[in-house]
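Read through the structure below, which is laid out as structure tokens, and then see the notes.
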Amino acid sequence: MNRIEQLERFYYKSEKPEVMYEAGEGSPLVVFNVATHGNEYRPVAAVEEFVQTFNSGDLLKGTVRFTLANPVALRAGRRFLHSDLNRAYPGNILAQGEDKIAAQMLELVRDADYVIDLHTAPDPPPFVILGARNESRLQLAELVPIKQIVLFEATAPCAMVDFTRCGIGIELGGHESDASVIQGVSSINYLMSGLGLLKDGSQAIEEHDYYEIYRALTIDEIPKDLLGNLKNFHPIANAALGIDIEEEFSYPVLAGIKDYSPIYCYLAKKVDRERLGGSL
């Protein structure tokens, strides 16, 4: 099925967030969301590929729901219409644009036990995002077959998963990469299996690397001779960056030029697992 045919599906035509597909009944309710950003089509394709081969009779328990957050931006191929949806929560139902979409989207995930927001980026390796130190969310992240788990705390709650009982984000890979679709399908399978919804018994990797974002870095702050050396999750000497902290190295995350932000990358520290956990 090509993209023109896919655009005929109801959720592409909508002016508001939609449930793409739902199966099962009862708890736990697991929600996978896509198209928080309209320029991230590969997660949508991953959900469609998963659903095409999914047999609801394979569910052992619970409910799985797939949602599409911003169909208008997706049709336009734009990251957002007025403002970043992932910074608009909890939103305002009386507003317009992404502020209204955020409020509408929360209605689709408010009753969920687990929420997973699927993303892509210009050219990153896959990694899992924690929005807050929390043991339950960390355990959910560890079900994903991706090695890197990154704590990315905002100064105030503003992403969809911040307003759910237990939510994480997953960067599946590059915007234009077919590997992102494969990673998306794999992540859905592993999470549903790990949460006890599926029969297939997929188990996530046993070891993860844990990181904590501590600051953003703009292009103007980076020495020109180092710009090409800032690669995702590759250590860079803090002394070379002129950064005076206890750790000798930092690890760039989401490195690359973006057309919507002056930030070139975020810098993370590599940490122990306990640093990302916390009380249940």
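The values are calculated or read from the model by the stated rules, or taken from the named source; none is laboratory data. Just so it is clear, the model here is predicted, and its values are computed rather than measured. Reconstructed Cβ throughout: ideal geometry from the backbone, glycine too, with neighbour counts over all protein chains shown.
Screening Leu138 against (1) of a type in the set (A, V, I, L, M, F, W, C); (2) under 25 Å from Glu49 (Cα atoms); (3) surrounded by 17 or more Cβ atoms within 10 Å (Cβ to Cβ) leaves a single unmet condition, (2).
Quick one: is Arg165 surrounded by fewer than 17 Cβ atoms within 10 Å (Cβ to Cβ), touching a Phe, Trp or Tyr at 6+ places or on another chain (Cβ under 9 Å) and over 21 Å from Ile205 (Cβ atoms)?
Values: surrounded by fewer than 17 Cβ atoms within 10 Å (Cβ to Cβ): yes; touching a Phe, Trp or Tyr at 6+ places or on another chain (Cβ under 9 Å): yes; over 21 Å from Ile205 (Cβ atoms): yes.
In short, yes.
Does segment 194-214 contain any residue that is closer than 28 Å to Arg87 by Cβ, over 20 Å from the mean Cα position of the chain (by Cα) and among the hydrophobic types (A, V, I, L, M, F, W, C)? Among the residues of segment 194-214, not one is closer than 28 Å to Arg87 by Cβ, over 20 Å from the mean Cα position of the chain (by Cα) and among the hydrophobic types (A, V, I, L, M, F, W, C), which makes the answer no.
Is one or more of the residues making up segment 14-34 hydroxyl-bearing (Ser, Thr, Tyr), modelled with pLDDT of 95 or more and within 19 Å of Ala159 (Cα to Cα)? Scanning segment 14-34, I find no residue that is hydroxyl-bearing (Ser, Thr, Tyr), modelled with pLDDT of 95 or more and within 19 Å of Ala159 (Cα to Cα), so the answer is no. If I filter segment 222-239 for residues that are under 18 Å from the mean Cα position of the chain (by Cα), surrounded by 15 or more Cβ atoms within 10 Å (Cβ to Cβ) and under 24 Å from Ala154 (Cβ atoms), do I get at least one hit? Yes, some residue in segment 222-239 is under 18 Å from the mean Cα position of the chain (by Cα), surrounded by 15 or more Cβ atoms within 10 Å (Cβ to Cβ) and under 24 Å from Ala154 (Cβ atoms).
Using the structure shown, decide if Ile168 is closer than 25 Å to Glu49 by Cβ, assigned to a strand (DSSP E or B) and either basic (Lys, Arg) or modelled with pLDDT of 95 or more (or both). Full working, then the answer.
Values: closer than 25 Å to Glu49 by Cβ: yes; assigned to a strand (DSSP E or B): yes; either basic (Lys, Arg) or modelled with pLDDT of 95 or more (or both): yes.
Spelling it out, Ile168 is indeed closer than 25 Å to Glu49 by Cβ, assigned to a strand (DSSP E or B) and either basic (Lys, Arg) or modelled with pLDDT of 95 or more (or both).
All of Asp123, Asp162, Asp117 fail the test of being part of a helix (DSSP H, G or I), in contact with a Gly (Cβ under 7 Å, 6 or more places away or on another chain) and assigned by TED's automatic domain parsing to the domain that holds Ala23, apart from Asp162.
Scan Leu267, Leu230 and give me the residue that is aliphatic (A, V, I, L, M) and without any contact (Cβ under 8 Å) to a residue 40 or more places away in the chain. I'd like the intermediate steps shown before the answer.
Values: Leu267 fails: without any contact (Cβ under 8 Å) to a residue 40 or more places away in the chain.
Testing whether each residue is aliphatic (A, V, I, L, M) and without any contact (Cβ under 8 Å) to a residue 40 or more places away in the chain leaves just Leu230.
Against the criterion of being in a loop (DSSP other than H, G, I, E, B) and closer than 21 Å to Ala23 by Cα, Ala112 qualifies.
When segment 204-217 is filtered for residues that are within 19 Å of Ala154 (Cβ to Cβ) and at pLDDT below 95, nothing remains.
Quick check on this structure: which one of Ser193, Ser180 is buried (at least 17 other Cβ atoms within 10 Å of the Cβ) and under 30 Å from Asp99 (Cβ atoms)? First the steps, then the outcome.
Details: Ser193 fails: under 30 Å from Asp99 (Cβ atoms).
Exactly one of Ser193, Ser180 is buried (at least 17 other Cβ atoms within 10 Å of the Cβ) and under 30 Å from Asp99 (Cβ atoms), namely Ser180.
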